[in-house]
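To start, the structure under review is shown below, and the notes come after it.
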Amino acid sequence: MKKSLLIAGITLLCLTACRDEKTPEEQANDLIENADEIKSKEDKVKLENEDGTDTKIKYDEDGNVEKIKTDDN
């Protein structure tokens, strides 16, 4: 009985911990929507955020988000 409850508890914890995770594309879209200023080049987008930080989004050759990096000013 205890073993079954433990397994059920761990399973529920894993399911609830992962449900709000966003894909890199969703994260990039959210950042772009909330940016104060946007500068773009071929495969990169630089955002100036409301809180004074800079975010750089790099895309691969297929247009998928490769990396998101946020720097403090």
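For the chain, lysine pairs separated by 8 or more sequence positions, or belonging to different chains, with Cα-Cα distances below 15 Å total 19. With R₀ set to 25 Å, the beta-carbon distance separating Asn34 from Asp72 gives a calculated FRET efficiency near 0.90.
Calculate the dipole size of the chain relative to its Cα centre from +1 charges on Lys and Arg beta carbons and -1 charges on Asp and Glu beta carbons; express the result in debye to the nearest 20.
On the way: 12 positive and 20 negative charges, 152 e Å.
That gives the chain a dipole magnitude of about 720 debye.
Projecting the Cα atoms of Ile38, Thr70, Leu13 onto the charge dipole of the chain, computed from C-beta unit charges around the Cα centre, puts Leu13 farthest toward the positive end.
Report the full-extension gain for the segment Lys44 to Glu61: residue separation times 0.36 nm, less the Cα-Cα distance, to one decimal in nm.
Details: separation 17, 0.36 × 17 = 6.12 nm, distance 1.10 nm.
Taking Lys44 through Glu61 to full extension adds about 5.0 nm, to one decimal.
Per-residue 3J(HN,Hα) values for region 37-51, derived from phi via the Karplus relation 6.51 cos²θ - 1.76 cosθ + 1.60 with θ = phi - 60°, read 9, 10, 10, 10, 10, 3, 10, 9, 10, 10, 10, 9, 8, 4, 8 Hz in sequence order (x marks Gly and Pro). Taking the three principal axes of the alpha carbon atoms in the chain, the coordinate ranges are 59, 31, 18 Å, sorted in descending order.
Rule-based calculations on the coordinates, nothing more; no lab input. Computed from a predicted structure; not experimentally measured. In this analysis, Cβ positions are derived from the backbone assuming ideal geometry, glycine residues included, and neighbour counts consider all displayed protein chains.
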